[in-house]
1. Would you please name the residue that is farthest from the chain's Cα centre (by Cα), looking only at residues in segment 177-213 that are among the charged types (D, E, K, R) and crowded, with 24+ Cβ neighbours inside 10 Å?
2. Being of a type in the set (D, E, K, R) and more than 16 Å from E203 (Cα to Cα) is the filter here, so list the residues in segment 312-347 that pass it.
3. Going by the conditions given, is S323 at negative phi, at pLDDT below 95, small (G, A, S) and surrounded by fewer than 22 Cβ atoms within 10 Å (Cβ to Cβ)?
4. Please go through segment 184-231 and pick out each residue that is in contact with an Asp or Glu (Cβ under 9 Å, 6 or more places away or on another chain), small (G, A, S), part of a helix (DSSP H, G or I) and closer than 24 Å to D372 by Cα.
5. Just wondering, is there one or more residues in segment 381-391 that are over 16 Å from T99 (Cβ atoms) and in contact with a Ser or Thr (Cβ under 7 Å, 6 or more places away or on another chain)?
6. In the list A142, A127, A111, A138, which residue meets the criterion of being surrounded by fewer than 20 Cβ atoms within 10 Å (Cβ to Cβ), not in a loop (DSSP other than H, G, I, E, B) and not β-branched (V, I, T)?
7. So I332 clears everything in (1) without any contact (Cβ under 8 Å) to a residue 60 or more places away in the chain; (2) in contact with a helix residue (DSSP H, G or I) (Cβ under 9 Å, 6 or more places away or on another chain) except one condition, right? Which one?
8. Given the condition within 18 Å of Q324 (Cα to Cα), surrounded by fewer than 20 Cβ atoms within 10 Å (Cβ to Cβ) and at pLDDT 90 or above, answer yes or no: does some residue in segment 260-276 qualify?
Amino acid sequence: MPVAKKKETTTNGGCDRRWNEVWGDCPIFVTAWNKTLAALRGHEWPRAEAVAIAVDVGDKEEGNSGDRRLRQKLSHKRWKPIVSHLFAPAEEGIMASITVPNPLPSPEQDAQNLRKAFQGWGTDEKAIIGILSHRKAAQRAAISETYARLYNESLLQRLHSELSGDFRGAVMLWTADPAERDAKLAHKALKKKDDRHVWVMIEVACASSSDHLMAVRKAYHSLFSSSIEEDVAFKFSETNPLRQLLVQLVSSYRYDGEHVDEEIAKFEAAELHDAIRKSQPCHAEVIRILSTRNKVQLEETFKHYEQNFGKAIDEDINNQGSSQLFSMLKAIVWCLTSPERHFAEVIRSSILGLGTDEASLTRSIVSRAEIDMKKIKEEYKKRYRTTLNDDVIGDTSGYYKSFLLALVGSADS
């Protein structure tokens, strides 16, 4: 990659000096910085735009590896406050199921090919699936930004007008900014009259990173001019035990770290056991433990629970019956430490019965394809003696089926 001649910048002294210290003079990073400097000065973090510009420039400069290089540079601890906003929604995991072509087309090429898919005698749905289902979140953001710049229209709005039904819903969720997607899912769930949709709140609060949850909260406020905590509190009466539990979960921030306190784990395992035995799933101590401890500490707590009391915590929860509160407590425990178990169950439940729950099926696959879908498929096969792919094939149809299968990946991967 060519090295740019070093320039002294004066527009934002301290930040620029840190930029030069940490990022160096590479054109990809200089361009990204110049594009976002004004917004950074105002403490507004244009994640999608920064990613789009950086990936776009990086593709041209060094053969499609700009996104990887950008993330490597962003790993520097001095930029963590900025990075958490720039990249929080993109929770890519080694157990992701989507595949990305190599070499990767540039955002311009993808935008142009999508434009072609929208034109002519009917929409080319196969082309849309072939592009969008094989791009990561940062790449989709780059495509969306480039499409808007080239054609002066929103890619999401064009997709909405070109597609229909469950296929449209799935593609729209996948193409949207992940934080905005989850904010909209949460808002929609909170507007429902019954409490069945509270599962969405648990998933958003517990099955993702703290940085992603923070990004969702910011997106929620930006989109709906209210905080997610306020709307959760408004949905439930003061006497509803779910109220405090969910408010604490959606407003928590679990700090990363590998340190585990064994004594705290043993003590809090006993606290949880006592509350479950007394049928108090929303006891103050349960709420405190589940909403404040980081996931590594909770894993240790649940390990001591099983060692000291003879059963895993989710088994004890199941033994308390099928009440909504205990079902949700189990979902919280699973989402915090083994989300693949929760999502395998949600997908199975969405497929069983007289009709398919497309909303739950779509949400689960779209939200986990870039994180842990491989683990979900393994859990699904182990528990239900069939593959997730086979169940999707048997219960969906058309382009909707094709799109979900593209996100899920092959049955043996």
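The values are calculated or read from the model by the stated rules, or taken from the named source; none is laboratory data. Only a predicted model underlies this, so the values are computations on that prediction, with no experimental measurement involved. Don't worry about glycine lacking a Cβ; one is built from the backbone with ideal geometry, like all the others, and counts go over all protein chains shown.
1. Once the filter is applied, the top-ranked residue is E203.
2. First, the residues of segment 312-347 that are of a type in the set (D, E, K, R): 314-316, 330, 340-341, 345.
Of everything in segment 312-347, those that are of a type in the set (D, E, K, R) and more than 16 Å from E203 (Cα to Cα) turn out to be D314, E315, D316.
3. yes
4. Of everything in segment 184-231, those that are in contact with an Asp or Glu (Cβ under 9 Å, 6 or more places away or on another chain), small (G, A, S), part of a helix (DSSP H, G or I) and closer than 24 Å to D372 by Cα turn out to be A186, S210, A215, A219.
5. Scanning segment 381-391 turns up at least one residue that is over 16 Å from T99 (Cβ atoms) and in contact with a Ser or Thr (Cβ under 7 Å, 6 or more places away or on another chain).
6. Only one candidate qualifies: A127.
7. (1)
8. yes
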